[in-house]
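What follows is one structure encoded as structure tokens, with my remarks underneath.
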Amino acid sequence: GDDNAATPRFGAASERSFNTGALSLGTQWDVGSGWQLLADVSHTERAPTFYELYAHGLHVATGAIEVGDANLRPERGVQMDVGAEYRSGPQRARLSVYDSEFGNYIVQSRSTADDATVGGVAYPGYRFAGVKARLTGVEANGSTPFDVAGQKVTVEARLDAVHATNRDT
């Protein structure tokens, strides 16, 4: 028999539950000629995932030792978004910019204390933690139909760019 069968591999069982919510307020103004201006402000909360809480060991896909934090609090942030949208028949275009401030954004940070060798191979360690963070970005997308040899073809394009800053470090 297995002498360690009664000893849990990751310690005593634990359970976490979270109450999260979200609130959003947005508006749009029709300014004519198919154009609308858009604005939105929101507060969001996200509970940590099971792996952010309980990861403990080698993650084969990432080639890293991952360590969760069972004491993580929910991720909380306030976002502001402004933009413009154009609609004319089947043609669509939209451009928006946003700014998000998080008091507890869950990240995976390098942790040399968690480096480990498994099967003779050295792996870097990473820990999940909540940090203050700011994300700013731009999103653009559009679509327009074309008639190609009697067939309707719609071309779509998207662009997303984000800049994130860990405000704790």
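The values are calculated or read from the model by the stated rules, or taken from the named source; none is laboratory data. As the structure is a prediction and not an experimental result, all values here were calculated from the model. Heads up, the Cβs are rebuilt from the backbone with ideal geometry, glycines too, and the neighbour counts pull from every protein chain shown. Please note that ligands, DNA and RNA were not included when accessible areas were found on the heavy atoms of the full protein model with its side chains. Shrake-Rupley method; radii C 1.70, N 1.55, O 1.52, S 1.80 Å.
Here are the numbers:
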quantity: Relative contact order [Cα under 8 Å, 6+ residues apart], region 54-111, whole percent; calculated: 29
quantity: Estimated dipole of region 73-169 in Debye, rounded to 20 [Cβ of Lys and Arg +1, of Asp and Glu -1, Cα centre]; calculated: 120
quantity: Label-to-label distance, nm, for residues given as Arg87 and Thr144 (7 Å Cα→Cβ offset); calculated: 1.9
quantity: Distance-filtered residues of region 121-140 - backbone nitrogen under 19 Å, label point 7 angstrom along Arg167 Cα→Cβ; calculated: 129-138
quantity: Probe 1.4 Å, protein heavy atoms only - accessible area per residue of the chain in square angstrom; calculated: 69
quantity: Estimated dipole of the chain in Debye, rounded to 20 [Cβ of Lys and Arg +1, of Asp and Glu -1, Cα centre]; calculated: 260
quantity: Directionally averaged shadow of region 117-169, computed from the convex hull of its alpha-carbon atoms, nm²; calculated: 8.4
quantity: The chain - share of DSSP beta bridges that are antiparallel (%, nearest 5); calculated: 95
quantity: Rounded to the nearest 20 debye, dipole of region 30-85 from Cβ charges on Lys, Arg, Asp, Glu; calculated: 220
quantity: Contour excess over end-to-end distance, with Cα ends at Tyr51 and Asp115 and 0.36 nm allotted per residue; calculated: 21.2 nm
quantity: DSSP-loop GluC sites (Glu not before Pro) across region 63-169, with at most 15 other Cβ within 10 angstrom; calculated: none
quantity: Percent accessible area from carbon and sulfur atoms, the chain, protein chains only, probe 1.4 Å; calculated: 53
